[in-house]
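Here the structure comes first, spelled out in structure tokens, and everything after it is commentary.
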Amino acid sequence: MINRRRPPLGILPVAVAVVQIVGTHFAAHRFNDSLSWVAVLLLLAGPALLLLRRRAPGPMVAGIGLVTVGYVAAGFPWGPFPLSFAVGLVLAVLAGARWWAWGSAAAAGVGFLLLAMQHGESTRVFFVLVWLIVVLLVGELGRSARTRRDEYRRASMERARHQRDEERLVLARDIHDVVAHSLSMINVQASVALHLAKKGGDAQGMYEALENIKSGSKEALSEVREVLSVLRQDAPRVPSQRLEQLDELVQRVRGANLSIIFTPPVLPPPGWVDERVENILYRVVQESLTNVVRHAKASRVVVAVHLDDAHAAVTVTDDGVGIGLGNEGNGIGGMRERLGAHGGTLTIDAANAPGAPTPGTRISARLPAPGTTRA
């Protein structure tokens, strides 16, 4: 947060004192009158009390009101002498000392009325009372404007903080998905290479497995480095995973001795599918394939991605051991959160009818277009 420096405390009292003394002097000179040293002291006392506006705004405005009424009661020449009282009332209201301000104005008004009854100056007193009400209303309007401005600033800061938290959450999910997927692929390829090394044959297969480990780890490190660089800079990030990269993702998983039937989306996508939506769909496919490799013990997977003007759908079906009764892990929870943040849903159920020898698992994700009704 930027700390704004306040202006020096003495600038306002000096300016008000100059206006009061000079203005009242010329007003008195116009009526062939002059200011005594007591009048000058009273004209300086009000601005001097403005020095308390930050520490004690309530007593400040009460003291200035007393000085102003005393100046009138002493019968000194009229002029802009109430300026310090007006400034004090506004500052007190803005500082939250509303009862001090209204009470001081009411007490000063009663004092002016008593003086008017004594000296018969009803016109001037009426003008002063109206002036007090107007000044207080100006202070209240200023206070309301400041309150609205502070609330707007707090709301903006809260929105910015919430957006930063959302960005960090997205980054955390991306790191989880990248690391989990990459380590799963490396583990499978390493198992293949180890198996071939024990058999002592198929050097070409061993070479391909090691090459897949090298390329997969390099890509994972590059993506994690990109995510971490954004996290260090604390800047908004546009997701880099696009639908065009799904073919490459599927090819990497095929290298884990898994048969995959892939139905890619029709590109270019509809206009409502932006970069964030593409990233969500990519991560859903990635995490689904990671779960298949790590847990399903499947030999065949069917992946389909469908896009139209109303929704986007991803379906990943395997012939593995089934969904079981275990709790959902971070990966599936992350998919639900990604989809739910954009109004989408995730469904996980058995792929085949009950009693089939290989029940398998079907993961279905649906993401509606903005402005459409979720099925």
inquiry  = Looking at Leu66, Leu42, can you tell me which residue is over 17 Å from Gly109 (Cβ atoms) and at pLDDT 85 or above?
reply    = Leu42
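Here is a list: Trp102, Trp78. Which entry is surrounded by fewer than 19 Cβ atoms within 10 Å (Cβ to Cβ), of a type outside the set (Val, Ile, Thr) and at pLDDT 85 or above?
Trp102
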message = The conditions are (1) open to solvent by 40 Å² or more (accessible area, probe 1.4 Å); (2) modelled with pLDDT of 70 or more, and His195 fails exactly one of them. Which is it?
response = (2)
task = For the stretch 6-19, name all the residues that are β-branched (Val, Ile, Thr) and open to solvent by 30 Å² or more (accessible area, probe 1.4 Å).
result = Ile11, Val14, Val18, Val19
task = Any chance you could count how many residues in the stretch 20-43 are aliphatic (A, V, I, L, M) and crowded, with 17+ Cβ neighbours inside 10 Å?
result = 6
request  = Evaluate the stretch 82-92: report whether one residue or more is open to solvent by 60 Å² or more (accessible area, probe 1.4 Å), modelled with pLDDT of 85 or more and farther than 17 Å from Val128 by Cα.
outcome  = no
ask   = Can Arg148 be described as more than 22 Å from the chain's Cα centre (by Cα), at pLDDT 70 or above and among the charged types (D, E, K, R)?
value = no
ask   = Inside the stretch 296-315, can you point out the residues that are out of contact with any helix residue (DSSP H, G or I) (no Cβ under 6 Å at 6 or more places or on another chain), modelled with pLDDT under 85 and surrounded by 14 or more Cβ atoms within 10 Å (Cβ to Cβ)?
value = Ala296
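Condition check ((1) under 25 Å from Val277 (Cβ atoms); (2) outside any helix (DSSP H, G or I); (3) modelled with pLDDT of 70 or more) across all residues:
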residue	(1), (2), (3)
Ser156	no, no, yes
Leu169	yes, no, yes
Ile186	no, no, yes
Gln189	no, no, no
Gly201	no, yes, no
Gly205	no, no, no
Lys214	no, no, yes
Leu231	yes, no, no
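In the set Val87, Val170, which member is farther than 25 Å from Val22 by Cβ and among the β-branched types (Val, Ile, Thr)?
Working: Val87 fails: farther than 25 Å from Val22 by Cβ.
After applying the criteria, what remains is Val170.
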ask   = Does any residue of the stretch 107-114 turn out to be more than 25 Å from Gly139 (Cα to Cα), open to solvent by less than 50 Å² (accessible area, probe 1.4 Å), out of contact with any helix residue (DSSP H, G or I) (no Cβ under 7 Å at 6 or more places or on another chain) and assigned to a helix (DSSP H, G or I)?
value = no
note = Checked against (1) open to solvent by 30 Å² or more (accessible area, probe 1.4 Å); (2) modelled with pLDDT under 80; (3) touching a helix residue (DSSP H, G or I) at 6+ places or on another chain (Cβ under 8 Å), Asp177 satisfies every condition except (1)
note = Filter the stretch 351-367 for residues that are more than 26 Å from Trp272 (Cβ to Cβ) and open to solvent by less than 50 Å² (accessible area, probe 1.4 Å); the one that is modelled with the highest pLDDT is Thr361
inquiry  = Can you pull out every residue in the stretch 275-316 that is over 11 Å from Pro265 (Cβ atoms) and of a type in the set (Gly, Ala, Ser)?
reply    = Ser288, Ala296, Ala298, Ser299, Ala310
note = Val293 passes all but one of the listed conditions (1) of a type in the set (A, V, I, L, M, F, W, C); (2) surrounded by fewer than 17 Cβ atoms within 10 Å (Cβ to Cβ); (3) at pLDDT below 90; the exception is number (2)
All positions within the stretch 253-290 that are buried (at least 19 other Cβ atoms within 10 Å of the Cβ), assigned to a helix (DSSP H, G or I) and not hydroxyl-bearing (Ser, Thr, Tyr) = Val253, Val277, Glu278, Asn279, Ile280, Leu281, Arg283, Val284, Val285, Gln286, Glu287, Leu289
task = Look at Ala56 and say whether it is open to solvent by less than 40 Å² (accessible area, probe 1.4 Å), among the aliphatic types (A, V, I, L, M) and at pLDDT 85 or above.
result = yes
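Please determine, by comparing only the residues of the stretch 34-50 that are within 22 Å of Val138 (Cβ to Cβ) and aliphatic (A, V, I, L, M), which one is farthest from the chain's Cα centre (by Cα). First the steps, then the outcome.
Let us first name the residues in the stretch 34-50 that are within 22 Å of Val138 (Cβ to Cβ), namely 46-47, 49-50.
Next, only the ones that are aliphatic (A, V, I, L, M) stay: 49-50.
Numbers: Leu49: 41, Leu50: 38 Å.
Once the filter is applied, the top-ranked residue is Leu49.
The values are calculated or read from the model by the stated rules, or taken from the named source; none is laboratory data. Keep in mind the model is a prediction, meaning the values are calculated, not measured. No Cβ is skipped: glycine too gets one built from the backbone with ideal geometry, and neighbour counts run over all protein chains shown. These accessible areas exclude ligands, DNA and RNA; they are computed on the full protein's heavy atoms, side chains included. Shrake-Rupley method; radii C 1.70, N 1.55, O 1.52, S 1.80 Å.
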